[in-house]
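Here is the structure we will look at, set down as structure tokens.
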Number of protein chains: 2
Amino acid sequence: MQTTCKNKAYLALMQTSKEIQECIRAELAKTDLHVTEFSVLEVLYFHGKQTIHEVAQRILVSSGSMTYVIDKLERKHLLQRVPCPDDRRVIHLVLTREGEEFMQSVMPGHQERVEHFFGSLSEEESGIFIQLLGKIKHQLHVQV
Amino acid sequence: MQTTCKNKAYLALMQTSKEIQECIRAELAKTDLHVTEFSVLEVLYFHGKQTIHEVAQRILVSSGSMTYVIDKLERKHLLQRVPCPDDRRVIHLVLTREGEEFMQSVMPGHQERVEHFFGSLSEEESGIFIQLLGKIKHQLHVQV
DNA sequence: ATCAAATATCTCAAATTAAAGACAAATGAT
DNA sequence: ATCATTTGTCTTTAATTTGAGATATTTGAT
């Protein structure tokens, strides 16, 4: 029944991320947004105009889910689909002014919460943590 | 548009865990099991007999999902519900012999994959990683 | 002993997600 | 220029998950 050190790391990683997701969900409940919706807005807020495909790759959801979640966000007037004139297959997503304002009002609290989550880590430890995650993430794409 | 160091850590954590989950899903596709089903089996495999409630807490899914997923696993003869005589509200989950054998056949490959994911980390780094996750996880339960 | 509150599981409806395939547009090889 | 391939989005269907409420049991206070 012995688990290796790597397995411990794996379990800790998966469980911690899930707990964080749960906290974020609870936080977002007040705003009538779900985690996936918020993730889309977050990408646009930080990176500006993006194609649907780009956003999907960043937040790792299927194209079907993207359509669904964009529909909802568009109905809430938080973002807009903008067809790309250069490539007619492509649709860009942009925050509406309302969406921008919404994010500006929500992000401070969100950031604060994130700061709190990682508050027990020193700057140095945060740096190390990011670096280790980078190594792991890189390794994921290395073929066996 | 500047993101803090902690926010980078947060995004890296969430994205890496999601990518890993995606890898695991792809791996499990061959076995006709879904991630949640496998997670339940994993808990039982490592910790032995557990109540439904205990498993739910470990893998962080709702009670409704537990019922659903246990039904499926029971139909596949991989585990059994065993009512607890001491507390008649409680139901224990135990791997069947078939379930035990299945896990024994699958775990080596799974472990190998996990080892691969974390293969770019030294033993020392893995230890640090676990330690940092522990700090973060602990902090999650600290009230603001 | 009684009763309110807490706990463990289940049920069912609604929301979310993924998976597969369809379609249109762009790309690249010939 | 043509055509197969790839890319980006959408549609549809089926599977999964949550959330709220129901039930049964236990616990703890009176």
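The values are calculated or read from the model by the stated rules, or taken from the named source; none is laboratory data. Keep in mind that this is a model prediction, so the values were computed, not measured. Don't worry about glycine lacking a Cβ; one is built from the backbone with ideal geometry, like all the others, and counts go over all protein chains shown. Side chains included, ligands, DNA and RNA excluded: accessible areas come from the protein's heavy atoms. Shrake-Rupley method; radii C 1.70, N 1.55, O 1.52, S 1.80 Å.
Compare A:Leu13, A:Leu95, A:Leu28 in a GNM of chain A, Cα atoms joined below 10 Å, and give the one with the largest fluctuation. Of A:Leu13, A:Leu95, A:Leu28, the most mobile in the Gaussian network model is A:Leu13. In nanometres, what is the gap between the two model label sites at B:Leu60 and A:Arg75, each 7 Å from Cα along Cα-to-Cβ? In this crude label model, B:Leu60 to A:Arg75 measures out at 2.8 nm.
Axis of helix B:63-75 versus longest Cα principal axis of chain B: the two differ by about 60°, to the nearest ten degrees. Across the identical copies, the label point of B:Lys72 (7 Å from Cα in the Cβ direction) is separated from its matches by 2.1 nm, in order from shortest. Computed over neighbours whose Cβ is under 11 Å from that of A:His34, the net charge equals 0, Lys and Arg +1, Asp and Glu -1. A Förster distance of 25 Å, applied to the separation of the beta-carbon atoms of B:Glu22 and A:Glu19, puts the FRET efficiency at 0.85.
For A:Gln50, the shell of other residues with beta-carbons less than 12 Å away shows a net charge of +1, using +1 for Lys and Arg and -1 for Asp and Glu.
For chain A, the fraction of 1.4 Å probe accessible surface lying on carbon and sulfur atoms is 53 percent. A cut-off under 15 angstrom between Cβ atoms defines the neighbours of A:Leu78, and their net charge, with Lys, Arg +1 and Asp, Glu -1, is -2. Quick one: grab the alpha carbon gyration tensor of segment A:33-140, order the square roots of its eigenvalues as a ≥ b ≥ c, and give me rounded if a/c is under 1.5, else prolate or oblate depending on whether a/b is larger than b/c. Taking the square roots of the gyration eigenvalues as a ≥ b ≥ c, segment A:33-140 is oblate. Taking square-rooted eigenvalues a ≥ b ≥ c of the alpha carbon gyration tensor, is the protein assembly as shown rounded, prolate or oblate, where a/c under 1.5 means rounded and, failing that, a/b exceeding b/c means prolate? Since a/c reaches 1.5 and a/b is larger than b/c, the shape of the protein assembly as shown is classed as prolate. Between copies, the label points of A:Lys30, set 7 Å from Cα on the Cα→Cβ line, lie 4.7 nm apart, reported in increasing order to one decimal in nanometres.
Of all chain B residues, the one whose Cβ lies closest to the rotation axis that maps B onto A, given with that distance rounded to whole Å, is B:Ser17, 2. Compute a Gaussian network model of chain A, connecting alpha carbons closer than 10 Å, and tell me which residue from A:Arg75, A:Arg97, A:Arg88 fluctuates the most. In the Gaussian network model the winner is A:Arg88. Which of rounded, prolate, oblate describes segment A:1-56, given a ≥ b ≥ c as roots of the alpha-carbon gyration tensor eigenvalues and a/c under 1.5 marking rounded, otherwise prolate only if a/b is larger than b/c? Oblate is the answer for segment A:1-56, as a/c is 1.5 or above yet b/c matches or exceeds a/b. When the C-alpha to C-alpha distance is required to be over 32 Å, the pairs from A:Lys30/B:Lys6; A:Lys49/B:Lys72; B:Lys18/B:Lys76; A:Lys30/B:Lys18 that qualify are A:Lys49/B:Lys72.
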